[in-house]
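Scroll down for the structure; my scribbles are underneath it.
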Amino acid sequence: MKLIDLFDCFLIDLDGVVYIGDSEVPGSAKAVCDLLNCGKTVIFLTNNPRHAISQYFDKLNEIGIEHDSLKIITSGTALAQHIKSNFSALNKKKAYVIGSTSLKEEIGLTGLELVSGDRAKNADFVIFGGHPEFHYDEMKIATLAIANGAHFFATNRDMVYPTTEGHIPATGAMLTSIEAASGKKAISAGKPEIMMFDIASGHHEHEKERTVIIGDHLDTDIAGGKNAGISTILMISDPKINEELRQSDIKPDHIIYSLNDLFSDISDLEK
């Protein structure tokens, strides 16, 4: 039996699994297209909220992945949907959003009024997503707003982000400063929390037993799959993960080295 035969729905991480920077991870485009041609459901889950969904589609198209049934869920879209589902009268409330333009646009679609400066100190929501221009003033305003009772959310807790240069600081590294200053912990939308998985479940009708997540990080993708009660596949695209895997209590159900391995016999992968 091949690994692909165990599942009908594949939740696939993007950064480090499908591409790194602007470059395709070798073989990923063909493997994803083959999954789709086999009638499998593919939903991409990314903790990175910096880009609009349309930009992610464009990036996938550029590396050869294009299909009418493709779905993409970012931590930003998941957080926006969570807020819309759990809070009322959003058009009468204010949000201070730290992050990219795309994240701000996503949160703005909830009906929340986006505020900044002195008005943001009394915002009803503080929503944090890392961005390269993160500034002390943003940390200060967020801390004051949280002290004044704002709900505190973050897109994710990823400490690093894979690039062609290596791993660089990500949202979690910046978020820590606000959590330390405010004494409050943000509610996170991204993996390993189950918020994104709950949103994804609304986009398919497959049983949990036939659903799997594929990712390259134990503490986000694999731990998230465990939290959501689904199967997990760790893709080892960086040799350093082998040492982390040996030391970690988080163990994936299967290990692959390329998305092409999904089409291999399970017995061969376990050798």
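The values are calculated or read from the model by the stated rules, or taken from the named source; none is laboratory data. As the structure is a prediction and not an experimental result, all values here were calculated from the model. Heads up, the Cβs are rebuilt from the backbone with ideal geometry, glycines too, and the neighbour counts pull from every protein chain shown.
Of all residues in the range 221-262, those satisfying the criterion of being in contact with a strand residue (DSSP E or B) (Cβ under 6 Å, 6 or more places away or on another chain) and assigned to a helix (DSSP H, G or I) are D221, I222, G225.
Restricting attention to the range 1-50, the residues being in contact with a Lys or Arg (Cβ under 7 Å, 6 or more places away or on another chain) and among the acidic types (D, E) number 1.
Of all residues in the range 161-176, those satisfying the criterion of being within 16 Å of the chain's Cα centre (by Cα), under 16 Å from M139 (Cα atoms) and of a type outside the set (G, A, S) are T171, L175. Listed by position, the helices (runs of 4 or more DSSP H) inside the range 45-143 whose residues that are out of contact with any strand residue (DSSP E or B) (no Cβ under 6 Å at 6 or more places or on another chain) and β-branched (V, I, T) number at least 1 are 75-86, 101-108. On the stretch given as the range 225-252, residues that are under 20 Å from the mean Cα position of the chain (by Cα) and more than 21 Å from G202 (Cα to Cα) total 10.
Confirm whether K240 is surrounded by fewer than 16 Cβ atoms within 10 Å (Cβ to Cβ), more than 17 Å from F7 (Cβ to Cβ) and in contact with a helix residue (DSSP H, G or I) (Cβ under 9 Å, 6 or more places away or on another chain).
no
When L245, L234 are screened for being free of Cβ contacts under 8 Å to residues at least 60 places away in the same chain and crowded, with 20+ Cβ neighbours inside 10 Å, only L234 passes. Taking every residue in the range 138-165 that is farther than 24 Å from K84 by Cα and pairing it with any residue that is crowded, with 19+ Cβ neighbours inside 10 Å and acidic (D, E), at least 6 positions away or on another chain, the pairs with Cβ-Cβ distances below 8 Å are Y161/D15; P162/D15; P162/D216. Taking the listed residues G111, G64, G76, the one that is at positive phi and either surrounded by 20 or more Cβ atoms within 10 Å (Cβ to Cβ) or in contact (Cβ under 8 Å) with a residue 40 or more places away in the chain (or both) is G64, with no other qualifying.
So which residues in the range 98-127 are aliphatic (A, V, I, L, M) and closer than 13 Å to I83 by Cα, if there are any at all?
I107, L109, L112, V126, I127
Give the range 197-211 a look and list any residue that's buried (at least 19 other Cβ atoms within 10 Å of the Cβ), under 27 Å from M1 (Cβ atoms) and under 15 Å from the mean Cα position of the chain (by Cα), or say none. Within the range 197-211, F197, A200 meet the criteria.
What about S267, is it modelled with pLDDT of 90 or more and small (G, A, S)? No; evaluated as a whole, the condition is false for this residue.
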